[in-house]
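Q: Once you've had a glance at the structure underneath, I'll fire off some questions.
Please treat every number below as a calculation from the coordinates, not as lab data. These numbers were taken from a predicted model, which means no experiment stands behind them. Note that each Cβ is placed from the backbone with ideal geometry, even for glycine, and that neighbours are counted across all protein chains shown.
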Amino acid sequence: MGDRLKDKVAIVTGAGSVGPGWGNGKATAVLFAREGAKVFAIDINLAAAEETKEIIDQEGGDCTAHQTDVSKSEAVKAMVERCLETYGSINILHNNVGILEIGGPVEASEESWDFVNNVNLKSIFLTCKYVLPQMEQQGGGAIVNISSIAGIRWLGVPYISYSTTKGAIRQFTQSVALQYAKQNIRANSILPGFMNTPMVVKSLANSYADGDVEKMIEVRNALCPTGKMGDAWDVAYAALFLASDEAKYITGTELVVDGGTSCKCV
């Protein structure tokens, strides 16, 4: 166990995993706990959050699992209240919830567009709405939002709602960072590139390789300058740095975690 987040309380949304293995939120929640944070693990699937809690408990950490639909205002408000009842403060807000649905502006349905926007973008608006007053009252805090290089680059797959929301998260984060800078509240975003996580496998296998997961991994690996996709721990360690006091003079920035992918011209 480390102490980079000792005595801090961290809300991690999307702290479960949609399938076997390590998703970004699950890895981040466990890493935060390993570094001394008390973790309030949020997921719409309580069983997934409880699986993360079980890992943290077994390692001697402190975690509370809580079911929340972060696209619903009253649910988010209740979640924040429950966290404060449990731990008394909120020092870190890590917004990791994200979904992906395939389709360009013609192919995607209006319902799909609204669904992705509500989960990916409205959720961050709502968590910040209810957490920021608490952080301001405490005298500071750190917010880390997961965006994507899909918000700055075309990655070869038409998912207009996903790329649009990920681009919007960047500007949302910068706006919060500048508005609250004098209140000692930092806000930064992480832009992962091609990652090998359960969410990617679930959402994209059909788009790359007709459902052949191994082929999809091979294709996506080849798109990376390093020859290999990143994993959830790459994102988790970036989040740990931005959430910690080591990043005390970093706000409004975008930390790209993509193995150099976004540097390529082709």
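Q: What do the square roots of 5 times the Cα gyration tensor eigenvalues come to for the chain, in whole Å, largest first, as semi-axes of the equivalent ellipsoid? Present the calculation step by step, with values, prior to reporting the outcome.
A: Working: eigenvalues 159, 77, 69 Å².
Result for the chain: semi-axes of 28, 20, 19 Å.
Q: Order these by the 10 Å Cβ neighbour count, fewest first: Lys72, Lys8. Walk me through the numbers on the way to the answer.
A: Values: Lys72 16, Lys8 22.
Final ranking by Cβ density, sparse to dense: Lys72, Lys8.
Q: From the P(r) of segment 96-175, can you give the percent of Cα pairs sitting at distances over 22 Å?
A: Result: 29 percent of Cα pairs exceed 22 Å.
Q: So what's the projected area for segment 201-240, the Cα convex hull averaged over all directions, in nm²?
A: Working: hull surface 12.7 nm².
Its average projected convex-hull area is 3.2 nm².
Q: How high is the relative contact order of the chain? Use alpha-carbon pairs under 8 Å, at least six apart in sequence, and give a whole percent.
A: Working: 551 pairs, mean separation 53.1, N = 266.
Over the chain, the number comes to 20 percent.
Q: Ok, one more. Indicate the gyration tensor shape class of segment 1-79 (rounded, prolate or oblate), computed on the Cα atoms with a ≥ b ≥ c the square roots of the eigenvalues: a/c under 1.5 is rounded; otherwise a/b larger than b/c is prolate and the rest oblate. If you can, show how the numbers build up before the last one.
A: Values: a/c = 2.14, a/b = 1.37, b/c = 1.56.
It comes out oblate by the Cα gyration axes.
Q: Report, in whole Å, the centroid distance computed from the Cα atoms of segment 79-122 and segment 1-59.
A: Spelled out, the Cα-based centre of one part sits 17 Å from the other.
Q: Then there's this: For a quick check, take a GNM of the chain with Cα springs below 10 Å and name the residue from Val70, Val18, Val30 with the largest mean-square fluctuation.
A: Maximum fluctuation in the GNM of the chain, among the listed residues, is at Val18.
Q: Hey, got the dipole for the chain? About the Cα centre, +1 on K and R Cβ, -1 on D and E Cβ, debye to the nearest 20? List each step's numbers first, then the result.
A: On the way: 23 positive and 30 negative charges, 164 e Å.
For the chain, the charge dipole is close to 780 debye.
Q: Using the number of other C-beta atoms within 10 angstrom as an exposure proxy, rank Met1, Met195 with the fewest first. Walk me through the intermediate numbers first.
A: Values: Met1 10, Met195 21.
Sorted ascending by nearby Cβ count, the order is Met1, Met195.
Q: Just the number, please: percent antiparallel of the DSSP beta bridges in the chain, rounded to the nearest 5. If you can, show how the numbers build up before the last one.
A: Working: 0 of 30 bridges.
If I count the DSSP bridges inside the chain, around 0 percent turn out antiparallel.
Q: Taking the Cα centre as origin and putting +1 on Lys and Arg beta-carbons and -1 on Asp and Glu beta-carbons, what dipole magnitude results for segment 96-169, to the nearest 20 debye? Show your work: numbers first, answer last.
A: Values: 4 positive and 6 negative charges, 63 e Å.
Its charge dipole is roughly 300 debye.
Q: Taking 2.2 N^0.38 Å as the expected size of a compact globular protein, what ratio does the Cα radius of gyration of segment 100-147 give against it, to two decimals? Walk me through the numbers on the way to the answer.
A: Values: Rg = 15.1 Å, N = 48, 2.2 N^0.38 = 9.6 Å.
Ratio of Rg to 2.2 N^0.38 Å for segment 100-147: 1.57.
Q: Another question about this same structure. Rounded to the nearest 5, what % of DSSP beta bridges with both residues in segment 1-118 are antiparallel? Write down the numbers at each step before the final one.
A: On the way: 0 of 14 bridges.
Antiparallel bridges make up about 0 percent of those DSSP assigns within segment 1-118.
Q: Binned at 10 Å from 0, what are the whole-percent values of the Cα-Cα distance distribution for segment 1-142, short to long?
A: 13, 42, 32, 11, 3, 0
Q: For segment 134-266, with equal point scatterers placed on the C-alpha atoms only and solvent neglected, what are the log10 I(q)/I(0) values from the Debye formula at q = 0.10, 0.13, 0.18, 0.21 1/Å, to two decimals?
A: The calculated log intensity ratios at q = 0.10, 0.13, 0.18, 0.21 Å⁻¹ are -0.37, -0.59, -0.98, -1.21.
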